[in-house]
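For reference, the structure discussed in these notes is given below.
The values are calculated or read from the model by the stated rules, or taken from the named source; none is laboratory data. Since this is a predicted model, take the numbers as computed values, not measurements. Every residue, glycine among them, receives a Cβ derived from its backbone with ideal geometry; neighbour counts consider all protein chains shown.
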Amino acid sequence: MYSLLSKLIDRLENMKKHATGNGSSQCVLCADGFGMLGASAVICVDCHKSVCNKCSIETVYNQQVITLCKICSENRELWKKSGAWFFRSLPSRSSLPASVKPSASCISATPLKNDILTSEDDSSSDEQQNNTGRLNQRPSPVT
């Protein structure tokens, strides 16, 4: 998992480093000029810079076809695969270990709720266990 994230981060940084165009009269990625004889410009929905057709990706978002530059597309992919969309921040390079060894510490036993569960919060499986336990008990004699 972390090696995949590391590769995605490397690829994104490499793409940003090699982006040479100005994003208005040239493609932001390959620096091809726009014009009558040049490539046609497409605006990236995320960064609002101009890219050529070969450096853009069409994707579907909220049932609409949108155009992204390859940098913004890779950035979205990184946000999805890293879980950054949930934490609202990308992982830093230092937070990614070189190798990941599965351990019991990866699974947290801490409940999400800090408050004490009430009988209303109990799951149905607990209720089923309680009901089953009551059925197996003998009735107490009435005096």
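Give the residue that is nearest to residue 70 (Cα to Cα), with candidates limited to residues of region 1-20 that are part of a loop (DSSP other than H, G, I, E, B) and in contact with a helix residue (DSSP H, G or I) (Cβ under 9 Å, 6 or more places away or on another chain).
Result: 19.
Could you list, in sequence order, the residues of region 44-72 that are farther than 19 Å from residue 12 by Cα and either hydroxyl-bearing (Ser, Thr, Tyr) or part of a strand (DSSP E or B) (or both)?
Result: 60, 61, 64, 65, 66.
Read through the list (1) more than 24 Å from residue 83 (Cβ to Cβ); (2) surrounded by 15 or more Cβ atoms within 10 Å (Cβ to Cβ); (3) at pLDDT 90 or above, then give the number of the only condition that residue 39 fails.
(3)
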